[in-house]
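In what follows, a single structure is set out as structure tokens and then discussed.
The values are calculated or read from the model by the stated rules, or taken from the named source; none is laboratory data. Nothing here was measured: the structure is a model prediction, and the numbers come from that model. As a convention, Cβ positions derive from the backbone with ideal geometry for all residues, glycine included, and neighbour counts pool all protein chains shown. What goes into the accessible areas is simple: the full protein's heavy atoms, side chains included, and nothing from ligands, DNA or RNA. Shrake-Rupley method; radii C 1.70, N 1.55, O 1.52, S 1.80 Å.
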Amino acid sequence: MNQQEQARIKVLNSVLEHHLPIGQAAEIMGVSERHAKRLLVAYRKEGVPALAHGNRGRRPHNAVPEDAADAVVKLASNHYSGANHSHFTELLREREGIDLSRPTVRRILVKAGIGSPRSRRSQQHRFRRKRMPQEGMLIQVDGSPHAWLGERADKFVLLLAVDDATGVVAQAIFHPTEDTRGYLVMLEGLVRQWGIPLALYSDRHAAFKYNARQGPAQYESTQFARVMRELGIQQIFAMSPQAKGRVERMASTFQDRLVTELRLAGATNMEEANEFLQEFLPRFNKRFAVAAEQAEPAYRQVPDDLSLTETVSIRHTRKVARDNTVNYQWRVLQLLPGSERPSYAGLQVEVLERADGELMIRYQGEIVDFQEGEPPAASLWGEGTGRAPLPDEPQPASGPACSHLDEDQRKLLADLESSVEKRAKARKATGKGRAGKEKPVRHQLHRKPTPTQQARWEAVQQAKSRGLSLRAIARELGMSRVATRKYALAESPPTKLLSAKERAKAEALAQVQMAAD
């Protein structure tokens, strides 16, 4: 009996002597209560031998015969001496007719004291990476979501940029989420204050790297990666959090110190937290920064022919419509005629969204003047009502649409509205229609969406905020174009909106207005 079986005998004896319940005995033996009951029944019936495994002492049916194992050892020592285990396994199968797996051959040879002639590489001894010798050679960036204001506000993200040589927090901002816009704001502040660094070290967040295995070619490079190329900054991606440990530890320190500082400063929202952060960073850097090995920084100045505002921006190509407008983020931008080009219809222009949200339009390197156009009708559907209005839906009797009616017609319309409302309330109370039959319950105006509708709407809204077109959103989410448009235009998860009362009222108002005309 081995030690485990001897321990089980003591536990089962305690159960039989009523010193230990079966449930606690099962926990001590590390088995389920059902299996403990099976062991107890077998122990009562057969005694101590019942606890030993039934195959103990038997040779497994799939064990390699001893003569075959001896032949393998003999061939490895003589004829095939010098072959590694994988090659030796292939030689046995091809030339000797001995079909064994490589682990089995290796186990036989190791048991016989014959190791592989090909030595394995020993585990590498790792050292802590030295700091970069110059300030600005490497910047580590990361985002840290946390309850920075405790219960005074919702969670948001602290975006950090830490210099590898000195440990200086070169730039830090609070942002609602860890996204491309937030990192561009942080990068622009970093470049304006310090200069252009040589390299940037980050994780594989979607803002930095397109992570899908397969996809359209236009998505292989992110907006942030394009900005890095234009500024000449080398992107380095970490394979683990420990690789960029300097910024990870800095985020942990800030979650301790900065939370307390924000509470003492009385910050109650993200804007106030950002204002305090600009006062906090100089004090923090003065206290914890270290001197670089070389005093001269490696930051590069922004070239005179490079517009930082245009470079650090989100760019999308749009085709100008015949009325000299382009659509961007559900907004209509009206291009104004220039001195050299009166019309841009049919041309490809670039829409630049700056880090602060301001828009610019560029054509062949020149900025084009524009103004906000009238928003598309689809974006106004359901404005203030939560539903899409009918094409010719009449207004109430007191509205401007009924200003052409005389007093008698208005009174008749008001009476009809009142009667329709009363009948609708009566039908709703009884749950019956005109014929006295039960009517199916219609969807109400603000019906709670299903989890699937909620998830689809949130996914479409997030994709829309990234500036994707309806076709790109449909392709990315695997939805039809019709469903994608419906979810994109809705301010909330779309459901069936019109109730029986509203349908009846709209039909009655339409009949009255037609009679008046």
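Key figures for this structure:
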{"quantity": "Any chance residue 242 is in a helix (DSSP H, G or I), open to solvent by 40 Å² or more (accessible area, probe 1.4 Å) and either of a type in the set (Phe, Trp, Tyr) or modelled with pLDDT of 85 or more (or both)", "calculated": "no"}
{"quantity": "Failed condition for residue 236, given (1) in contact with a strand residue (DSSP E or B) (Cβ under 9 Å, 6 or more places away or on another chain); (2) part of a helix (DSSP H, G or I); (3) open to solvent by 60 Å² or more (accessible area, probe 1.4 Å)", "calculated": "(2)"}
{"quantity": "Region 262-292, residues that are under 22 Å from residue 132 (Cα atoms), assigned to a helix (DSSP H, G or I) and open to solvent by 70 Å² or more (accessible area, probe 1.4 Å)", "calculated": "282, 286, 287, 288"}
{"quantity": "Total residues in region 43-86, condition over 19 Å from residue 111 (Cα atoms) and touching a residue at least 40 places away in the same chain (Cβ under 8 Å)", "calculated": "3"}
{"quantity": "Options 28, 114: the member that is part of a loop (DSSP other than H, G, I, E, B), at negative phi and of a type in the set (A, V, I, L, M)", "calculated": "114"}
{"quantity": "Enumerated strands (runs of 3 or more DSSP E) restricted to region 334-396, each holding at least 2 residues that are under 19 Å from residue 464 (Cβ atoms) and at pLDDT 85 or above", "calculated": "348-354"}
{"quantity": "Any chance residue 488 is at pLDDT 70 or above and open to solvent by less than 30 Å² (accessible area, probe 1.4 Å)", "calculated": "yes"}
{"quantity": "Residue count, region 254-275 (criterion: more than 21 Å from residue 355 (Cβ to Cβ), out of contact with any Lys or Arg (no Cβ under 7 Å at 6 or more places or on another chain) and either touching a residue at least 12 places away in the same chain (Cβ under 8 Å) or among the aromatic types (Phe, Trp, Tyr) (or both))", "calculated": "9"}
{"quantity": "Residue that is nearest to residue 487 (Cα to Cα) [pool: residues in region 309-321 that are touching a residue at least 40 places away in the same chain (Cβ under 8 Å) and crowded, with 16+ Cβ neighbours inside 10 Å]", "calculated": "316"}
{"quantity": "Whichever residue in region 271-318 is in contact with a helix residue (DSSP H, G or I) (Cβ under 7 Å, 6 or more places away or on another chain) and at pLDDT 90 or above and, among such residues, is nearest to residue 137 (Cα to Cα)", "calculated": "280"}
{"quantity": "Subset tally (residues that are open to solvent by 100 Å² or more (accessible area, probe 1.4 Å) and not charged (D, E, K, R)) for region 296-307", "calculated": "1"}
{"quantity": "Matching entry among 63, 71 (being more than 52 Å from the chain's Cα centre (by Cα) and among the small types (Gly, Ala, Ser))", "calculated": "71"}
{"quantity": "Odd one out for residue 324 among (1) without any contact (Cβ under 8 Å) to a residue 60 or more places away in the chain; (2) open to solvent by 50 Å² or more (accessible area, probe 1.4 Å)", "calculated": "(2)"}
{"quantity": "Any hit, region 73-84, residues being out of contact with any helix residue (DSSP H, G or I) (no Cβ under 6 Å at 6 or more places or on another chain), part of a helix (DSSP H, G or I) and of a type in the set (A, V, I, L, M, F, W, C)", "calculated": "yes"}
{"quantity": "Pairs with Cβ under 6 Å, 6+ apart, first in region 458-479 and without any contact (Cβ under 8 Å) to a residue 60 or more places away in the chain, second open to solvent by 80 Å² or more (accessible area, probe 1.4 Å)", "calculated": "470/485; 474/481"}
{"quantity": "Number of the exception - residue 479 against (1) more than 18 Å from the chain's Cα centre (by Cα); (2) part of a helix (DSSP H, G or I)", "calculated": "(2)"}
{"quantity": "Scan of region 40-68 for residues that are open to solvent by less than 100 Å² (accessible area, probe 1.4 Å), under 30 Å from residue 14 (Cα atoms) and part of a loop (DSSP other than H, G, I, E, B), ordered by number", "calculated": "47, 52, 54, 55, 57"}
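Listed here are the residues, each with its yes/no results for (1) open to solvent by 50 Å² or more (accessible area, probe 1.4 Å); (2) part of a loop (DSSP other than H, G, I, E, B).
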| site | (1), (2) |
| --- | --- |
| 145 | yes, no |
| 160 | no, no |
| 167 | no, yes |
| 171 | no, no |
| 183 | no, no |
| 190 | no, no |
| 210 | yes, yes |
| 225 | no, no |
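Conditions tested, residue by residue: (1) of a type outside the set (S, T, N, Q); (2) closer than 21 Å to residue 134 by Cα.
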site	(1), (2)
165	yes, yes
180	no, no
183	yes, no
210	yes, no
225	yes, no
244	yes, yes
250	yes, yes
